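The values are calculated or read from the model by the stated rules, or taken from the named source; none is laboratory data. Note that the coordinates shown come from a computational prediction; the quantities given were computed from them, not determined experimentally. When we count neighbours, we look across all protein chains shown, and the Cβ atoms used for this are built from the backbone with ideal geometry, even at glycine.
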Amino acid sequence: MDVCMGCMNKKVVVASTVFFWVGLANAIVPNKLVSGGLPAHTGAATTDYLTDGYLTNWKSSSAKEIALNVGEGPTKLRINWESYGDCAWATDFTSGCGHSGVALSNFKILTSANSTDGSNGDWEVAATIENNPVMARGVDIEFAGKSWFKFASEGDVGQILEIEAFDMSAGGTDTWFFMGTSISQMGIKQQDTDSTTAQIIHAKFPEYTPAMLRGGIGCINSSEVVEHLGEYLEYAGNVKFWAIEMGTNDAWGGGDWNLATYKKNMQTIIDSAKAHGITPIIARIIATDSSKAGWQVNPAFLEAVDNLTEENNLPKGPDFFAYFKEHPEQLASDGVHPNGDKKGGQAMHHLWAEALAPLYAAGDTTCKDCVTPPDSTEPQGIAQGIRFSAPRIYAQGRSIVIEGLGDAPASIILVSATGKTVAQRNSTTGSERFEKLPAGQYIAIIRSKNAVQTSRVQVK
């Protein structure tokens, strides 16, 4: 939309503008699991472990074609898959540890309305995936009039552990990415559990079947997440929630020397998530068994998590610190990681489910200033019967100009298309200019007392 709002020779370039009035709730829309327990056809054989909801790491498939018949009805599907490797979400995001694994990298997702066995019949290409580097990912496809879908690859598919399909016909938003360190790599994916977070939520709230992707990476810290934030957004940005476990490696050793960097990085992650319509939820850093580890998490890091949650109006995450401080027996011999034999990973799934339960009980995210999909690109929004005028945001040469902020204080964050914070400023003057910007697309996040606006601006 190009608009000139009472200005001369100023081209307003706003691809989309989104308002969220503080106090409005954004309901979680269920996305029914339609693949649970169905046979997965792999040529002449079928498997049930690919659809049982559990990641049993010694049960995997390397079949180049895997087909499922979910039946007619859904007009859109979300298809999630999990691969094994060493259970790290990506192999090259951190220099601290070496990771291995073959991702399901180059393949097509096909759909059929008339197949009878996953092989015969007519098939159409619903999605083409190229050069995928991560072990867990979800893709949305059109499915109207279809009953089958299948993965078809000509190359190495690695070890596929689980495939899930969800009915997204109603625009489901019960979609989750569990970002984390080795704590999550082990506890959320690598270790056996009685029930996953998604299964526990479903048991308590049968209407909901969360679509859950596991994104733990051993040795990663918040700085490396920010460095690779573009990849996180590209490969895990099409979900509604990021459940974040991050900080053990930042707080390693028990000091606070890295505290300021950690807080800055986490705020960048939060801002980038919100700018892409994602609600972040942060767990309190897991306690160590200091008698074995030789150190304990500095309380300042826990305070930082609490403050980030409160200041950004986020739902509260699980308190891993308090639980594992009381249950050191569920930590491994290093005193840091959850112990599979003693059900440390199982405890993490249950703690996440307990923390997230209020969101489902309330029927909304309770995230008061997260962006929602736009209904309009008009420069005015209405919420609860209150009309307000939007600030004017436009590109002028290599600058981004924001006018009409009013007299009230406003916080402005400028985020690049890759998710990195370019600039952050508190404004009391009514207008701001960000100069000498590289060409590209930016997201401006403007927070005032009563509203949050996000706008995409192209600098050419």
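Quick check on my filter: what residues within the range 401-440 are outside any loop (DSSP other than H, G, I, E, B), surrounded by 15 or more Cβ atoms within 10 Å (Cβ to Cβ) and not hydrophobic (A, V, I, L, M, F, W, C)?
The answer is Glu403, Ser416, Thr421, Gln424, Ser427, Glu432.
Restricting attention to the range 299-344, and to residues there that are in a loop (DSSP other than H, G, I, E, B) and basic (Lys, Arg), which single residue is surrounded by the most Cβ atoms within 10 Å (Cβ to Cβ)?
Within the range 299-344, the match that is surrounded by the most Cβ atoms within 10 Å (Cβ to Cβ) is Lys343.
Among what's in the range 26-66 and is surrounded by fewer than 18 Cβ atoms within 10 Å (Cβ to Cβ) and basic (Lys, Arg), pick the residue that is farthest from Phe107 (Cα to Cα).
Here the answer is Lys59.
Output the residues belonging to the range 44-74 that are of a type in the set (Gly, Ala, Ser) and in contact with a Lys or Arg (Cβ under 9 Å, 6 or more places away or on another chain).
Once the filter is applied, which keeps residues that are of a type in the set (Gly, Ala, Ser) and in contact with a Lys or Arg (Cβ under 9 Å, 6 or more places away or on another chain), the range 44-74 yields only Ala67.
Looking only at the range 258-275, count how many residues are outside any helix (DSSP H, G or I) and either under 14 Å from the mean Cα position of the chain (by Cα) or closer than 14 Å to Gly237 by Cβ (or both). Full working, then the answer.
If we filter the range 258-275 for residues that are outside any helix (DSSP H, G or I), which is where we start, we get 258.
The next check asks that each one be either under 14 Å from the mean Cα position of the chain (by Cα) or closer than 14 Å to Gly237 by Cβ (or both); those that pass are none.
Result for the range 258-275: 0.
Look at the range 176-214 and say how many of its residues are among the polar types (S, T, N, Q) and within 16 Å of Gly36 (Cβ to Cβ).
Selection size over the range 176-214: 5.
Going by the conditions given, is Thr91 surrounded by 16 or more Cβ atoms within 10 Å (Cβ to Cβ), assigned to a loop (DSSP other than H, G, I, E, B), out of contact with any strand residue (DSSP E or B) (no Cβ under 6 Å at 6 or more places or on another chain) and among the hydroxyl-bearing types (Ser, Thr, Tyr)?
In short, yes.
Looking at Thr175, is it closer than 17 Å to Ile244 by Cβ, under 17 Å from the mean Cα position of the chain (by Cα) and touching a residue at least 24 places away in the same chain (Cβ under 8 Å)?
So Thr175 fits the description; yes.
Where the second residue is of a type in the set (A, V, I, L, M, F, W, C) and the first is without any contact (Cβ under 8 Å) to a residue 60 or more places away in the chain and lies in the range 41-57, which pairs have Cβ atoms under 6 Å and are six or more apart or on separate chains?
Cβ pairs passing all conditions: Thr42/Ala63; Thr42/Ile66; Thr47/Ala40.
Kindly indicate the residue of the range 276-298 that is touching a residue at least 40 places away in the same chain (Cβ under 8 Å) and either in the same structural domain as Ile445 (by TED's automatic domain parsing) or in a strand (DSSP E or B) (or both) and also nearest to the chain's Cα centre (by Cα) among those meeting that condition.
Filtering the range 276-298 for residues that are touching a residue at least 40 places away in the same chain (Cβ under 8 Å) and either in the same structural domain as Ile445 (by TED's automatic domain parsing) or in a strand (DSSP E or B) (or both), the one nearest to the chain's Cα centre (by Cα) comes out as Thr279.
Is one or more of the residues making up the range 70-77 outside the structural domain of Ile200 (by TED's automatic domain parsing), within 24 Å of Asp156 (Cα to Cα), touching a strand residue (DSSP E or B) at 6+ places or on another chain (Cβ under 8 Å) and buried (at least 16 other Cβ atoms within 10 Å of the Cβ)?
The first filter runs over the range 70-77 and keeps only residues outside the structural domain of Ile200 (by TED's automatic domain parsing), leaving 70-77.
Imposing the further condition that a residue be within 24 Å of Asp156 (Cα to Cα) reduces the set to none.
No: zero hits.
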